[in-house]
Amino acid sequence: MKTTRVMLKSVVVLAATFALVACGAKEDKKDTAMSSSETTMSSSAAETKMMAELKDGTYSAESAPDERGFKIVHTITVKDGKITESKFDYEDKDGKMKSENEEYNKMMSEKAGISAKETIEKLNAALVEKQDVAAVEVVSGATHTSEDFKKSTTALLAAAEKGDTAKVMLDK
């Protein structure tokens, strides 16, 4: 009889534990689903807000030359509140673009698996397509260029929100 009581109490405690655990898991899933949808809604709202604030115009940025003599040159065009064109590149002291330097492109393609020209084309196209610098993926093998692109794009979008078409000077 005593054994039956202990057994019965154990079964009741075990059943109560399972019930509590099961109910708690359902609430966690609801909370996760709600916070996930709230995040999606707020990021969509932020993107819409950001894009709605861009003023039409042509915005340009450049940096001081780096240790190799190249400076960032970047221009974006905004029309009807959307980025319609992005021209990012590096320019040397003679005004020649890194993306057009065949020797450099060949060397980078062999070393990193992608040339400066290919990288720059991908970044420019991604910005126009996605309309959001955060959605532009880093190009594998060209992390430094991708970071420079994102930095200059962020500065240009800030200028476009204000409608300030004066050249933006970037810190290198």
Check: Which of the residues spanning the range 78-95 are open to solvent by 100 Å² or more (accessible area, probe 1.4 Å) and either farther than 30 Å from Glu67 by Cβ or assigned to a strand (DSSP E or B) (or both)?
Finding: Lys79, Asp80, Lys82, Lys87
Note to self: Return the pair list, or none, for Cβ contacts closer than 9 Å from residues in the range 144-165 that are closer than 11 Å to Leu127 by Cβ to residues that are polar (S, T, N, Q) and part of a helix (DSSP H, G or I), at least 6 apart or on different chains.
What the structure shows: Phe149/Thr119; Phe149/Asn124
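Which residues, counting only those in the range 49-65, are touching a helix residue (DSSP H, G or I) at 6+ places or on another chain (Cβ under 9 Å) and either on the phi < 0 side of the Ramachandran plot or charged (D, E, K, R) (or both)? Outline the logic, then answer.
In the first step, residues of the range 49-65 are kept if they are touching a helix residue (DSSP H, G or I) at 6+ places or on another chain (Cβ under 9 Å); the result is 50, 53-57, 59-63.
Once the filter is applied, which keeps residues that are touching a helix residue (DSSP H, G or I) at 6+ places or on another chain (Cβ under 9 Å) and either on the phi < 0 side of the Ramachandran plot or charged (D, E, K, R) (or both), the range 49-65 yields Met50, Glu53, Leu54, Lys55, Asp56, Tyr59, Ser60, Ala61, Glu62, Ser63.
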Margin query: If Leu123 satisfies all but one of (1) in contact (Cβ under 8 Å) with a residue 12 or more places away in the chain; (2) within 22 Å of Asp56 (Cβ to Cβ); (3) of a type in the set (A, V, I, L, M), what's the number of the condition it fails?
Written below: (2)
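Can you pull out every residue in the range 103-125 that is hydrophobic (A, V, I, L, M, F, W, C) and either open to solvent by 100 Å² or more (accessible area, probe 1.4 Å) or under 21 Å from the mean Cα position of the chain (by Cα) (or both)? I'd like the intermediate steps shown before the answer.
Taking the range 103-125 as the starting set, the residues that turn out to be hydrophobic (A, V, I, L, M, F, W, C) are 107-108, 112, 114, 116, 120, 123, 125.
Result: Ile114, Ala116, Ile120, Leu123, Ala125.
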Item checked: Selection count, the range 126-149, where residues are under 20 Å from Ser63 (Cβ atoms) and surrounded by fewer than 17 Cβ atoms within 10 Å (Cβ to Cβ) -> 4
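The values are calculated or read from the model by the stated rules, or taken from the named source; none is laboratory data. Since this is a predicted model, take the numbers as computed values, not measurements. Don't worry about glycine lacking a Cβ; one is built from the backbone with ideal geometry, like all the others, and counts go over all protein chains shown. Please note that ligands, DNA and RNA were not included when accessible areas were found on the heavy atoms of the full protein model with its side chains. Shrake-Rupley method; radii C 1.70, N 1.55, O 1.52, S 1.80 Å.
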